[in-house]
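Worksheet for the structure shown next.
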Amino acid sequence: MELRTERLLLREWRDEDVELIAQLVGDPRVGKYLARFSDRQKIDAWIEAEREYFKRHGYGLFALERLEATGFIGFCGLINVGYQARFTPAVEISWRVHPDHWGHGYATEAAAAIVAFGLEDLELNQIVAIAAVENIASRRVMERIGMSHDPRDDFDHPLRAVDDPLRRQVLYRLTNQDWRSGREHENPVA
């Protein structure tokens with residue numbers, strides 16, 4: 001399975017992605033707000049798990065490339081939230097882009113394609129996004145793709161230690177109804 005945007009290809013994982021994903025997830029700039037792992041066996045297992053996830057659910061995390069220059073620059077996709085919280089069960093949009101490609105709108109472009117895929121093709125009722133309160137760059141992407149934030153939804157991540165400075169998370173949401181309504185306003189019928 002693959003998705004295309006004006007500048008990006010979102011595709012299934014390949015064996016040759018292992019080294020590139022190791023560079024991405026091992027970069028401290030990328031891992032500032034997210035879990036990092038750089039052990040080759042863990043990365044191999046992660047990619048295999050992503051392939052299996054797609055088979056089971058019909059969605060998952062896509063490898064991300066620029067169309068103009070072949071090569072992995074990150075990932076973006078949908079995953080089921082894997083812990084209990086007051087907003088679960090829920091499907092979450094997630095992305096990571098290599099720092100060499102920050103500032104070009106790739107995360108926003110990929111996330112918009114994933115939202116369309118999730119809300120149109122998969123007919124999900126809602127997609128959520130989660131980030132550390134301080135992760136302003138990700139929060140901006142969430143806002144650009146039409147997600148809304150209510151501070152009353154913010155929560156302490158149950159998988160982070162009580163003393164972890166990143167434990168406090170923001171929750172953004174986009175319902176199918178809000179998304180469709182927003183699209184109707186963007187493209188009024190004359």
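Quick note: the coordinates plus some simple rules give every number you see, no bench work behind them. All values reported here derive from a predicted model rather than from experimental measurement. Note that we place each Cβ from the backbone using ideal geometry, even for glycine, and neighbour counts take in every protein chain shown.
What is the order of SER181, SER94, SER138, fewest Cβ neighbours within 10 Å to most? Mind dumping the intermediate values first?
Numbers: SER181 12, SER94 18, SER138 22.
In order of increasing Cβ crowding within 10 Å: SER181, SER94, SER138.
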By counting other Cβ atoms within 10 Å of each Cβ, how are LEU8, LEU67 ranked from fewest to most? LEU67, LEU8
Peptides ranked, highest mean first, by Cβ atoms within 10 Å: ranges 100-107, 156-163, 56-63: 56-63, 100-107, 156-163
Rounding to the nearest 20 debye, state how big the charge dipole of the chain is about its Cα centre with +1 on each Lys and Arg Cβ and -1 on each Asp and Glu Cβ. 380
Over its alpha-carbon atoms, segment 107-154 yields an Rg and a Dmax in Å of 11.2, 32
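Classify segment 73-143 as rounded, prolate or oblate, taking a ≥ b ≥ c as the square roots of the eigenvalues of its Cα gyration tensor: rounded when a/c is under 1.5, otherwise prolate if a/b is larger than b/c and oblate if not. Provide the component values of the computation, followed by the final result.
Details: a/c = 2.14, a/b = 1.35, b/c = 1.58.
Note, shape of segment 73-143 comes out oblate.
How high is the relative contact order of the chain, given as a whole-number percent (alpha carbon pairs under 8 Å, six or more residues apart)? Walk me through the numbers on the way to the answer.
Details: 283 pairs, mean separation 31.8, N = 190.
Value for the chain: 17 percent.
In segment 3-186, how does Rg compare with the Kirkwood Rh, expressed as the Rg/Rh ratio over alpha carbon atoms? Walk me through the numbers on the way to the answer.
Details: Rg = 15.9 Å, Rh = 17.0 Å.
We get a ratio of 0.94 for segment 3-186.
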If we count other beta carbons within 10 Å of each Cβ, what is the order of MET147, MET1, fewest first? MET1, MET147
